[in-house]
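Enquirer: This is the structure I want to talk about, given as structure tokens.
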Amino acid sequence: MENGSSSQATMTELQEVQITEERPLLPGQTPEMAKTHSVETPYGSVTFTVYGTPKPKRPAILTYHDVGLNYKSCFQPLFQSGDMQEIIQNFVRVHVNAPGMEEGAPVYPVGYQYPSLDQLADTIPCILQYLNFSSIIGVGVGAGAYILSRYALNHQDTVEGLVLINIDPNAKGWMDWAAHKLTGLTSSIPEMILGHLFSQEELSGNSELIQKYRNIITHAPNIENIELYWNSYNNRRDLNFERGGDITLKCPVMLVVGDQAPHEDAVVECNSKLDPTQTSFLKMADSGGQPQLTQPGKLTEAFKYFLQGMGYMASSCMTRLSRSRTASLTSAASIDGSRSRARTLSQSSESGTLPSGTPGHTMEVSC
Ligand code: BEZ
């Protein structure tokens, strides 16, 4: 792990809670322990929950959630989906809550200086040092994707891969600010955050999922804290990715966005700025703004190929998973394979085998 200034900080363990996970067990499976920790960082206390045990010579999967959510409301449907179990049993997981977003978090006092997204990225070395973990595969959504990218730019040796869902690497321009201010005149903070998380079509459709998340955000006891994270997101700096330039992600990256999702254009632009030999772009049809909530199975399938491309999941381990998903993926997926690529994200064929060597590409997954 690189020694960032923040990683030198004294860390005080505030709290440790051990719970046994409530997930239906498969035959022969023992329950996995989940342990919640808090560390003091230069930017306040950060709480995170660790699932599973460290696996030798494997990075931890570290997640960072979006605004309006916490690690559970953002990632539980993905990490508890059936096919994901085969993957995660091979990795310890660290699920970070942005400060003030953990369940039962006290509301910060008026005038509290909430960390910027860059400062939140600087708390990650404290977490890894505390756990004595040396490398990660990051999975982030929205603000969380930005934070993990910033962390990767500053500590590239510790990041083996990144799954970035709905990333917008650009600072708000003056046009965005004007639109944001106008929206703020007529909309509440929860409505603005819902408009960041979901498409207008989804919001007006008012499905059970939308009702659930509208209820979570509208009645959040820590809405003041959520507003602070929201403000930090809207004040983010430009990540300044530049294809072929010095500021770029060096690890394999899987960019994910739903088509018609609020951040589709931003993710498409981000894809154009990253190294095509390291980047795969998954555009998911009919998945709305939060593919990890609406299409956990499809995302798990893509994650599996991503890990395989990194050499972590032998295809022999994955045959059941591959077979179970092959039909749905091959029926409507298109891959643009026109560029050469060192690491590949493979696509299953009709027969269930896993051809490799697919160049840096776009997958459009239709459901
Ligand atoms: C996990 O197994 O990593 C997990 C479980 C519950 C919520 C989020 C993640």
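Enquirer: Set the Förster distance to 25 Å, then compute FRET efficiency between Glu191 and Tyr112 from the Cβ-Cβ distance, nearest 0.05.
Expert: 0.60
Enquirer: In addition: Quickly rank 60-67, 80-87, 184-191 as a protection proxy: mean count of other C-beta atoms within 10 Å, highest first.
Expert: Highest-to-lowest ranking by the protection proxy: 60-67, 80-87, 184-191.
Enquirer: Regarding region 130-271, what is the average projected area of its C-alpha convex hull, in nm²?
Expert: 10.1
Enquirer: Pull up the cross-link candidates among the lysines for Lys181, meaning alpha carbon to alpha carbon under 20 Å and not fewer than 8 places away within one chain.
Expert: Lys172
Enquirer: If we count other beta carbons within 10 Å of each Cβ, what is the order of Glu227, Glu301, Glu264, fewest first?
Expert: Least crowded to most crowded, the residues run Glu264, Glu227, Glu301.
Enquirer: Right, next: Please compute, over every Cα-Cα pair in region 196-268, the percentage with a separation greater than 20 angstrom.
Expert: Cα-Cα pairs in region 196-268 separated by more than 20 Å: 53 percent.
Enquirer: Would you mind checking which residues have amide H under 5 Å from Met33's amide H? H placed 1.01 Å from N; only 5 or more apart, or other chain.
Expert: Under 5 Å from the amide H of Met33 lie the amide H atoms of Gly52, each far enough along the sequence or on another chain.
Enquirer: Using Cα-Cα distances under 8 Å and only pairs 6 or more residues apart, what relative contact order does region 151-237 have, in percent?
Expert: Relative contact order of region 151-237: 39 percent.
Enquirer: Next question. So for Trp174, Trp230, fewest C-beta neighbours within 10 Å to most, what's the order?
Expert: If I rank by nearby Cβ atoms, fewest first, I get Trp174, Trp230.
Enquirer: To make sure I understand, if each residue's beta carbon is the centre and we count other beta carbons within 10 Å, what order do Thr47, Thr183 fall in, fewest to most?
Expert: The order, fewest Cβ neighbours first, is Thr183, Thr47.
Enquirer: Of all alpha-carbon pairs in region 136-176, indicate the percentage at a distance above 14 angstrom.
Expert: Counting every Cα pair in region 136-176, those more than 14 Å apart make up 45 percent.
Enquirer: Toward the positive end of the charge dipole of region 224-285, about the Cα centre and with charges on Cβ (Lys, Arg +1; Asp, Glu -1), which of Asn225, Phe281, Asn235 goes farthest?
Expert: So the residue we want is Phe281.
Enquirer: Here is a follow-up. Place the peptides 99-111, 242-254, 34-46, 144-156 in order of packing, highest mean first, counting for every residue the other Cβ atoms within 10 Å and averaging per peptide.
Expert: Ranking the peptides 99-111, 242-254, 34-46, 144-156 by packing returns 144-156, 34-46, 242-254, 99-111.
Enquirer: Please list, ordered by chain and number, the residues whose modelled amide H lies under 5 Å from the amide H of Val139; skip anything fewer than 5 residues away on the same chain.
Expert: Leu62, Thr63, Tyr64, Val163
Enquirer: For a label point 7 angstrom out from the Cα of Trp177 toward its Cβ, which stretches of region 235-270 have the backbone nitrogen within less than 11 Å?
Expert: 235
Enquirer: Report D for region 230-321 in µm² per second (integer): Stokes-Einstein, Kirkwood Rh on Cα pairs, 25 °C, 0.890 mPa s.
Expert: 165
Enquirer: May I pose another question? Kirkwood Rh, Cα Rg: Rg to Rh for region 122-193?
Expert: Value, to two decimals: 1.13.
Bear in mind that the values in this text are calculations on the coordinates, not laboratory data. In this text, all values refer to a predicted model and were calculated from it rather than measured experimentally. A quick note on method: Cβ atoms are made from the backbone with ideal geometry, for glycine too, and the neighbour counts reach across all protein chains shown.
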